[in-house]
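Below is one structure, written out as structure tokens; the observations come after it.
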Amino acid sequence: MRSDEATERAVLVGAPPRDMPQETVDEHLEELARLAGTAGADVRGAVVQRLRTPNASTYIGKGKVESLGRALREHDATLAIFDEELTPAQGANLETALGVRALDRTELILDIFALRARTSEAKLQVELAQLQYMRTRLKRMWTHLSREGGGIGARGPGEQQIETDRRLIDRRLARLRRKLDHIARARVTQRRARSEQFTVALTGYTNAGKSSILRALSGSDVFVEDRLFATVDSATRVCDLEGPGPILLTDTVGFIRKLPHHLVASFRATMEELAEADLLLHVIDASSPSRDEQREAVEEVLAEAGVADRPVIEVFNKIDRLTHEEERALRERAAADGRPHVLTSVVERGGLQPLREALQAAMRARLETVRVSLPAGDGARLAEAYREGEVLERAYEAGCVVIVARVPAGVAGRWRESGLVVERADAA
């Protein structure tokens, strides 16, 4: 879907409802411009038409198509990018009328995902989504081979090639699904191995700062860039919270307004990470004028994926970009909402401490506080208590080490099975 030539010159096309506030229209076009820039396009201009209902043939009206054509010629543009999803017929009609390629929002996002995918699994997922999108648009892609006129002989070579291509795509789709199923089974095995560990998944709108939080908490070299969909690969790191043991923190692919449904379905691994996590951190860009709309967009995707019932802490990130008055208003509103939340900043000193404390509290809530007497020479279990949990008290009695510790239920269970006397204790 990408061009190997020099940077393409694009004109953006917005078709918002008539009752949408102008501020929102401008924000949506700005987001589309950032998406286009991420894909490598040079945005030269924009055309907007407020619609009551889309035109069945060209989405925008005939007069606006002519205006768009003039804008494309004026800017010597090679591409028209629509902030809506076009039907195959609309795309074909627009390209015929404009003389340049017409991309919709879905195709642009798929192109970015193809550009940004790094792991083999992400590449397979993107290819699956692209082929599903392409399959319904083969006729448009073969328009240049079709013959004019009707009657006998009007089918042309493209019509036969469409059927051939569709069969090839179906076979490729089947192979991709088999490969992804194999990866999914391997992932289940990995999750079983870490079932006793506290797992947390970062979710949120693209560019809200999820990767920055992961890098700051883990001290790892996770890729971070200030652009939409800087990365589309999931990444899991061990984070030491200096409290009740380490956690596994996973950064998942960001969501966006009007995210293609088949792309969500293709990224099954991300949805599985969210479904299996003990806790979700919904990262929200506190400085964005569209933060409420972005939060709702993420919640819609989570609901669609069937993970809306997972425990969630809302993380209002980038508060360093707010004025004191804006931050105070945000705190008051978040408190009034009644949802678990923290306010964070990756760049301010101590800006992530509220999040660390919230994670420590969430982890402690799932640990079992026990008193156990370990043989003095049982260094392995003592080390396990420190590694997997939090030792609150430690004393020596009659050749034994008596500890009171918060540990995962699985650890306490193994100790009991080994014959140790493990008693419940009050948390300190």
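The values are calculated or read from the model by the stated rules, or taken from the named source; none is laboratory data. Keep in mind the model is a prediction, meaning the values are calculated, not measured. Surface accessibility is based on the protein's heavy atoms, side chains included, excluding ligands, DNA and RNA. Shrake-Rupley method; radii C 1.70, N 1.55, O 1.52, S 1.80 Å.
What the table below lists for this structure:
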quantity	calculated
Rounded tilt (10° steps) of 22-39 against the dominant C-alpha axis of the chain	90 degrees
Asp278 accessible area, assembled protein chains, probe 1.4 Å, Å²	50 Å²
Value of [θ]222 nm, deg cm²/dmol, for the chain, DSSP H segments ≥ 4, -39500 (n - 2.57) each, nearest 500	-14500 deg cm²/dmol
Hz values of 3J(HN,Hα) by residue in the stretch 204-211 - Karplus curve (6.51, -1.76, 1.60), Gly and Pro given as x	x, 5, 4, 6, 7, x, 4, 5
Degrees between helix 291-304 axis and first principal axis of the chain (Cα, 0 to 90, nearest 10)	80 degrees
Segment Arg394-Arg177, extension gain: residue separation times 0.36 nm, minus the distance between their alpha carbons	72.8 nm
Surface share of carbon and sulfur [accessible, 1.4 angstrom probe, percent] for the chain	48 percent
GNM result for the chain, Cα springs below 10 Å: residue of Gln130, Gln360, Gln22 fluctuating most strongly	Gln22
Residues with amide H under 5 Å from that of His341, placed H, sequence gap 5 or more	Glu314
Difference of contour (0.36 nm per residue) and Cα-Cα distance, Asp165 to Arg137	9.0 nm
Accessible heavy-atom area order of Asp251, Asp170, highest first, probe of 1.4 Å	Asp170, Asp251
Cross-link pairs beyond the 30 Å C-alpha cut-off, checked among Lys179/Lys210; Lys179/Lys318; Lys64/Lys210	Lys179/Lys318; Lys64/Lys210
Accessible solvent surface per residue of the chain, calculated while the other protein chains remain in place, 1.4 angstrom probe, Å²	49 Å²
